[in-house]
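Working notes, beginning with the structure itself.
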Amino acid sequence: MSGHVRWNKDYVLAIVDSHLIDYPSPINLSYAWSFGSLAGICLVIQILTGIFLAMHYTPHIDLAFASVEHIMRDVNGGWLIRYMHANGASMFFIVVYCHIFRGLYYGSYMAPRELLWCSGVVIFLLMMATAFMGYVLPWGQMSFWGATVITNLFSVAGQWVVDWLWGGFSVDNPTLNRFFSLHFLMPFLIAGMVLAHLALLHRDGSNNPLGIESSGDKISFYPYYYVKDLFSFMLFVVFFSVFLFYYPNLLGHPDNYIPANPMVTPHHIVPEWYFLRAPSRSLVACYINRLT
């Protein structure tokens, strides 16, 4: 039995050594390659803060808004956890957009890394779905009307699809329960896709600023790129902390501090900033320019 345990321990240590310590990395990687590890840290922050928020959140249309206010006002440190989760979503998208732009600019989507790029696209789509459902959970005005507008877009596939998403004939309590369940589940699906993304990365190797494949000019990930990623993480913490402690509501919408009211339509129904046209149009434009 002890030999079996020792073999498993040695096997795990060998995997850690080959993928995190002695992993051969191109010698000329810049700080632009740190956004991948930062995205992983953002995912961990979102999962941990989300678990603690779920302990106090009530997925019911009559209680959801009040439960969020309860977290903010009555739970010890609840305001910090809630703001970390809400602003952490914005930080996650900022880091991922930078990661995507870097991949587009340096051609990381080209052979032999097509599957790596496709897995990243799947992660991004899962992130968008998760963030949208999370936006609905506070059950404010923007939450309710954003859910109404976005889910109605699926009517192009048939009204039955919209009714299935709603769990009825309008955005109501079944909708909120479904979105809460899926919002809790999908980050773990993202984590699984991230592991597949890393496996593909380590199979094909990292790209480099020159775009030249070389098997000779490699150095170990630790300690060289570990220190680079650590420095990037410190800068990220400072950037995140500015929003977290000084401007926690800057990236949100003030109408979401008004309880959802199906009888009152806001003047402007808008999604979170990371779903607006500017990031998506910039992403498409960068991709087209790179191809041409």
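Values in this text are rule-based calculations from the coordinates and carry no lab data. All values derive from a computational prediction rather than experimental measurement. Neighbour counts run over all protein chains shown; Cβ positions are idealised from the backbone, glycine included.
Can you pull the one-decimal nm distance between simple spin-label points at L153 and S30, each 7 Å off the Cα toward Cβ?
Taking the simple label geometry, L153 and S30 are separated by 3.3 nm.
Of C42, C98, C118, which has the largest mean-square fluctuation in a 10 Å C-alpha GNM of the chain?
Greatest mean-square fluctuation among the candidates belongs to C118.
List the relative contact order of region 1-117 as a percent without decimals, with contacts defined as Cα pairs under 8 Å and 6+ residues apart.
29
Where does helix 173-204 land angle-wise versus the long Cα axis of the chain, in degrees 0 to 90, nearest 10?
For 173-204 against the chain, the angle is about 10 degrees.
Based on the Cβ-Cβ distance from E114 to Y247, what FRET efficiency comes out when R0 is 35 Å, to the nearest 0.05? Each step should come with its number before you reach the end.
Numbers: r = 40 Å, r/R0 = 1.14.
For E114 and Y247, the calculated efficiency is 0.30.
Relative to the first principal axis of the alpha-carbon coordinates of the chain, what is the inclination of helix 114-136, with its axis defined by its Cα atoms, in degrees from 0 to 90 and to the nearest 10?
Relative to the chain, helix 114-136 is tipped by roughly 30 degrees.
Given a Förster distance of 45 Å, report the FRET efficiency between W79 and R203 from their Cβ-Cβ distance, rounded to the nearest 0.05.
Numbers: r = 43 Å, r/R0 = 0.96.
According to the calculation, E is roughly 0.55.
In nm, give the distance between the simple-model label positions of S170 and I15, each being 7 Å from the Cα along the Cα-to-Cβ direction.
A separation of 5.0 nm, rounded to one decimal place.
Quick check: pseudo-label points 7 Å beyond the Cα along Cα→Cβ at V264 and A66, how many nm apart are they?
Once both label points are built, they end up 1.8 nm from each other.
Rounded to whole Hz and in sequence order, give me ³J(HN,Hα) for region 21-28 from the Karplus expression 6.51 cos²θ - 1.76 cosθ + 1.60, θ = phi - 60°, writing x for Gly and Pro.
Once rounded to whole Hz, the list reads 9, 9, 4, x, 10, x, 6, 10.
Can you sort F275, F221 so the residue with the fewest Cβ neighbours within 10 Å comes first? Before the final figure, lay out the partial values.
Numbers: F275 16, F221 19.
Sorted ascending by nearby Cβ count, the order is F275, F221.
Compute, for region 67-223, the length of the dipole vector about the Cα centre, with Cβ point charges of +1 (Lys, Arg) and -1 (Asp, Glu) only. Units Debye, rounded to 20. Walk me through the intermediate numbers first.
On the way: 7 positive and 8 negative charges, 37 e Å.
Dipole about the Cα centre, nearest 20: 180 debye.
Among I219, P112, L176, whose Cα lies farthest out toward the positive end of the dipole of region 99-242, if unit charges sit on the beta carbon of Lys, Arg (+1) and Asp, Glu (-1)?
Among I219, P112, L176, the one farthest towards the positive end of the dipole of region 99-242 is I219.
Using the Cα centre of the chain as the reference point, and only Cβ charges (+1 on K/R, -1 on D/E), how large is the resulting charge dipole? Debye, rounded to the nearest 20.
Details: 13 positive and 15 negative charges, 71 e Å.
Approximately 340 debye in magnitude.
Can you tell me the relative contact order of the chain? Whole percent, Cα pairs under 8 Å, sequence separation 6 or more. Numbers along the way, then the final one.
Values: 280 pairs, mean separation 96.6, N = 292.
Reported as a whole number, the value is 33 percent.
Name the residues of region 141-175 whose amide N is less than 18 Å from a point 7 angstrom out from the Cα of A54 along the C-beta direction?
175
Taking neighbour Cβ counts within 10 Å as the exposure measure, how do S220, S67, S18 sort from fewest upward?
Listed from fewest to most nearby Cβ atoms, that is S18, S220, S67.
As an exercise, use a Förster radius of 35 Å and the Cβ-Cβ distance of L276 and L195 to find the FRET efficiency, rounded to the nearest 0.05.
Working: r = 31 Å, r/R0 = 0.87.
Result of the calculation: an efficiency of 0.70.
To make sure I understand, if each residue's beta carbon is the centre and we count other beta carbons within 10 Å, what order do Y226, Y247, Y135, Y57 fall in, fewest to most?
On the way: Y226 14, Y247 10, Y135 24, Y57 20.
The most exposed by this proxy come first: Y247, Y226, Y57, Y135.
Could you identify which residue out of N76, N261, N152 has the top mean-square fluctuation in a GNM of the chain using Cα springs shorter than 10 Å?
Residue with maximal mean-square fluctuation among N76, N261, N152: N76.
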